[in-house]
Amino acid sequence: MEYTIHPIAHIRTDFTDKFGIPRQSGLVPELTARIVFEPEYRDPNALVGIEGYDRLWLIWQFSAAVRDGWSPTVRPPKLGGNKRIGVFATRSPFRPNEIGLSSVRLDRVELNTPDGPVLHISGADLMDGTPIFDIKPYLAYTDSHPEARGGFALTTDAVRVECPAQLLERLPEERRQTLLNVLAQDPRPGYQHEPGRVYGFPFAGFEVKFTVEGDLLTVRQIESR
């Protein structure tokens with residue numbers, strides 16, 4: 001038996017490449033995005049009542065990780081990329097069905113736009129254009145379990161960020177602190193910690209380049225793309 005699902009929407013974010021995207025949703029609450037529905041799902045009736053929720057679950061596809069076949073084990077970057085863990089014990093994008101799950105904040109609902117109803121959200125960890133398969137309300141009384149164990153992913157990586165003012169000022173004001181918070185999560189893969197190496201990623205129409213020495217990340221360049 002075959003099962004077929006279709007995207008109901010696509011997300012619009014400041015990340016056109018997967019490098020730099022926070023490793024989990026909610027790590028950078030200031031990251032804003034828009035959910036734009038496909039034409040057949042632009043009926044405002046489908047969103048009646050959604051404004052009563054603060055947070056939503058997004059079910060989506062790791063569209064940049066689609067491949068033939070699958071492996072029962074993966075090498076999480078957090079473990080240095082040299083230790084294999086069962087795929088179902090990780091949030092790796094390389095899964096049998098490439099399905100992702102994110103909890104995001106619903107900021108507002110805009111019903112009348114040229115693209116139909118649009119959801120404005122924050123805290124997403126998705127690349128621009130990612131297909132959304134479903135949206136469900138987040139219910140704190142059943143979905144939140146702060147006492148749960150976190151396995152090997154218990155802690156997040158963090159670094160200090162140093163960015164010259166003249167570089168940061170090239171960004172729109174509303175994007176500056178967001179970028180600093182993204183960089184503070186240390187965007188590098190866990191297995192790429194080479195002193196002196198210049199890393200870069202696109203963000204909000206700009207190319208951001210940086211180096212890391214110890215726990216200090218220094219922004220070297222911010223240029224319009």
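Summed over the residues of the range 26-70 and divided among them, the accessible surface reaches 61 Å² per residue at a probe radius of 1.4 Å.
About its Cα centre, the range 73-127 has a charge dipole of approximately 580 debye under the convention of +1 per Lys or Arg Cβ and -1 per Asp or Glu Cβ, with nothing else charged. Classify the range 137-181: rounded, prolate or oblate, from the alpha-carbon gyration tensor (a ≥ b ≥ c, eigenvalue square roots; a/c under 1.5 rounded; otherwise prolate if a/b is larger than b/c)? It comes out oblate by the Cα gyration axes.
About its Cα centre, the chain has a charge dipole of approximately 800 debye under the convention of +1 per Lys or Arg Cβ and -1 per Asp or Glu Cβ, with nothing else charged.
For the range 96-110, putting each phi into the Karplus relation 6.51 cos²θ - 1.76 cosθ + 1.60 with θ = phi - 60° gives couplings of x, 10, 6, 8, x, 9, 9, 9, 10, 8, 8, 8, 6, 10, 10 Hz, in residue order, rounded to whole numbers and with x for Gly and Pro. Once the Cβ-Cβ distance of residue 193 and residue 128 is raised to the sixth power relative to R0 = 45 Å, the FRET efficiency obtained is 0.95. From the alpha carbon centroid of the range 70-127 to that of the range 191-225 is 23 Å. For the range 112-201, the list of GluC sites (Glu not before Pro) that fall in a loop by DSSP and count at most 16 other C-beta atoms within 10 angstrom reads 147, 169. Could you tell me which of 168, 192, 4 has its Cα farthest along the dipole of the chain towards the positive end, charges placed at Cβ (Lys, Arg +1; Asp, Glu -1), taken about the Cα centre? Farthest towards the positive end: 192. In order along the range 175-189, the Karplus-derived 3J(HN,Hα) couplings, from 6.51 cos²θ - 1.76 cosθ + 1.60 at θ = phi - 60°, round to 9, 5, 5, 4, 4, 4, 6, 5, 5, 5, 7, 6, x, 5, x Hz, and Gly and Pro are given as x. Distant-in-sequence amide contacts of residue 73, defined by a placed amide H-H separation under 5 Å and a gap of 5 or more residues or a different chain, comprise 87.
Heavy-atom surface analysis with a 1.4 Å probe gives the chain a carbon and sulfur content of 49 percent of its accessible area. Computed from the Cβ-Cβ distance with R0 of 25 Å, the FRET efficiency linking residue 66 to residue 41 stands at 0.70. Using a 1.4 angstrom probe, figure out how much accessible area the range 88-177 has per residue, in square angstrom, rounded to the nearest whole. Value for the range 88-177: 62 Å² per residue.
Once the Cα-Cα distance is subtracted from the 0.36 nm per residue extended length, the residue 88 to residue 141 segment shows a gain of 16.6 nm.
Along the charge dipole of the chain, pointing to its positive end and built from +1/-1 on Cβ of Lys, Arg, Asp and Glu, which listed residue (152, 183, 82) has its Cα farthest out? Going by the Cα projections, it comes out as 82. When the Cα convex hull of the chain is projected onto planes of every orientation, the mean area is 14.7 nm². Sequentially through the range 160-167, phi angles give Karplus couplings (6.51, -1.76, 1.60; θ = phi - 60°) of 7, 10, 10, 9, x, 4, 5, 7 Hz, Gly and Pro residues having no value and appearing as x. Highest GNM mean-square fluctuation, the chain, Cα pairs closer than 10 Å: which of 79, 56, 101? Fluctuation is largest for 79. Taking amide H as placed 1.01 Å from N in the peptide plane, the amide H of residue 118 sits under 5 Å from that of 110, 111, each at least 5 places away or on another chain.
The values are calculated or read from the model by the stated rules, or taken from the named source; none is laboratory data. Every value quoted in this text rests on a predicted model; they were computed, and no experiment measured them. We place every Cβ from the backbone using ideal geometry, glycine too, and count neighbours over all the protein chains shown. Keep in mind that these areas ignore ligands, DNA and RNA; they rest on the heavy atoms of the full protein, side chains included. Shrake-Rupley method; radii C 1.70, N 1.55, O 1.52, S 1.80 Å.
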